[in-house]
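Here's the structure, in structure tokens; my notes come after.
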Amino acid sequence: MTILPLAVGIADAILNASREDSRFDPAEVANELMRQHPSANVSPDDIVSTLREEGRSVGLCLEAC
């Protein structure tokens, strides 16, 4: 069950980025999520990949556009 809070954190990060209409650094967000959820046992690369995928699904620009 330790992954659920991380998933919520990812969803919140994407929601906040979509509301702010600004780009964010997925690696920076992933590092912050890792700090907040150390027991999730996932890699920062996995979080970055998920952030990018979820961001694209809602039309966010997470890379240089």
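Can you pull out the residues in region 12-46 that are in a helix (DSSP H, G or I), under 14 Å from T2 (Cα atoms) and not basic (K, R)?
Within region 12-46, L33, M34, Q36, P38, S39, A40 qualify.
Which of the residues belonging to region 1-12 are modelled with pLDDT under 95 and under 14 Å from A30 (Cβ atoms)?
The answer is none; no residue qualifies.
Inside region 26-65, can you point out the residues that are on the phi > 0 side of the Ramachandran plot and at pLDDT 95 or above?
none
The values are calculated or read from the model by the stated rules, or taken from the named source; none is laboratory data. Note that this is a predicted model, so its numbers are computed, not measured. Glycine gets a Cβ as well: all are built from the backbone with ideal geometry, and neighbour counts include every protein chain shown.
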